[in-house]
Amino acid sequence: MAAHHRTGRVTAALTACLASVALAGCASGDATAPRATTPAPAGTGAKTDGGTVLAGQPDVNGDGKVVIGVLSPGDINDKGYYQSFVDTAEQFATSKGWTIIKRGGVNTSEALNAARALCRQKVDMVALGAADLRDAIPASEEPVCAGTAWYVPSSDNIPQTPRIMLSTDEADQSLLAAGYAAGLLMKEKGATKAGFVTGPEVDFTSAAARAFRAGIRLVVPEATLTVTYSGDLNDSAKAKEATQAQISQGVKVVYPYLGGATDASAELANASGVLTLTPGTDRCASTGPRFDVSVLFSPGDYFRAALEDFAAAKLRMGVEKVWKLGVDPFPTVRICEPTPEQEESLKTFIADVGSGRVDPKAEVKRLGS
């Protein structure tokens, strides 16, 4: 499983890194109002409030078949963030009789040419697995990609254009709720020490750690959080070394906010009876390793919603969907084996974030340092 580069609103992605964590979603329906965009060019499809529905959707190019092209900067067999994106596409495509063309391990320098290559294969949609591949986006304006829809995980440095759909979430929300869930489990055990193991010390990992700390302190005010930056989201040896050091310091919860190294960290936590959480996907059913909390901001969940809209001829270009905790199905947080009281407390907290009664940014500012 993997954390994703949630950049931009601290969410676009733990991307290339976390196998990347939180970061990016496209919404189905109108649960969240789209942001203002540049008007779509004439002739590209039906104009709607807040975007353009490409004509002929989902067979946008009108060749009698539907083909989805997916580009990922990471390992599409990582059992986590990147794989979830591709697996979702394949599962949905199979159910609809569509075809998937996928390519993993795409370097940012290759992104533009990789997108052009997909368009030459007559795909109806180009889907980027993470915001790291933003350099592919200019192809959406080129003749070779005329007649294609574009799904792009968002970050603050990706401008909206009429020919792409941006998809994002806000990491403060899901990471605050993750901390809250961890705090509920810590409170039951009388624990006050938690750990957070991640890769490089960059904006998205630091922001995630602050939000996680704040969430724990909403439940256990005296709690401390030890944060270790291993320098690499996918290096299992470094993750294990960091996790063992934290366990030796007495932490009772470890959050492996990692990519390919997630399982190595979680297995070590399991062996020491330390609670752990997932960075993006639902693994409550996993037994090797076990997880106590699933923090769900998987790009696959967001992408599936986009594909559902695409199948229903409702996917709009020129808009940004911002997924909201407590409003949309994702992101969300699950305690895998909660007591009734814990389940109700977490449910209420998530609903309070969705209604605005809890302001994640304010709580992170107040309790995250």
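Quick notes on this one:
- Test: residue in region 210-228 that is aromatic (Phe, Trp, Tyr) and part of a helix (DSSP H, G or I): yes
- Residue within region 1-23 that is modelled with pLDDT of 50 or more, over 30 Å from Val293 (Cβ atoms) and touching a Leu at 6+ places or on another chain (Cβ under 6 Å) present: no
- Only a single item in (1) modelled with pLDDT of 95 or more; (2) farther than 21 Å from Asp292 by Cα; (3) in contact with a helix residue (DSSP H, G or I) (Cβ under 9 Å, 6 or more places away or on another chain) is not met by Tyr180, and it is number (2).
- Residue in region 156-170 that is farther than 22 Å from Gln342 by Cα, assigned to a helix (DSSP H, G or I) and of a type in the set (Val, Ile, Thr) present: no
- Residue identified as in a loop (DSSP other than H, G, I, E, B), open to solvent by less than 20 Å² (accessible area, probe 1.4 Å) and over 21 Å from Thr168 (Cβ atoms) among Val106, Val123: Val123
- Arg304 being open to solvent by 30 Å² or more (accessible area, probe 1.4 Å), among the basic types (Lys, Arg), more than 16 Å from Val219 (Cβ to Cβ) and not in a loop (DSSP other than H, G, I, E, B): yes
- Residues (among the hydroxyl-bearing types (Ser, Thr, Tyr) and farther than 18 Å from Ile335 by Cβ) located in region 258-301: Thr262, Ser265, Ser272
- Look at (1) open to solvent by 50 Å² or more (accessible area, probe 1.4 Å); (2) touching a residue at least 40 places away in the same chain (Cβ under 8 Å); (3) polar (S, T, N, Q) and you find that Ser248 fails only one, number (2).
- Taking the listed residues Val126, Val220, the one that is more than 27 Å from Tyr255 (Cβ to Cβ), at pLDDT 95 or above and touching a helix residue (DSSP H, G or I) at 6+ places or on another chain (Cβ under 6 Å) is Val126, with no other qualifying.
The values are calculated or read from the model by the stated rules, or taken from the named source; none is laboratory data. A quick note: this is a predicted structure, and the numbers were derived from the prediction, not measured. Note that we place each Cβ from the backbone using ideal geometry, even for glycine, and neighbour counts take in every protein chain shown. For the accessible areas, the whole protein counts, side chains as well, though only heavy atoms, and no ligand, DNA or RNA atoms are used. Shrake-Rupley method; radii C 1.70, N 1.55, O 1.52, S 1.80 Å.
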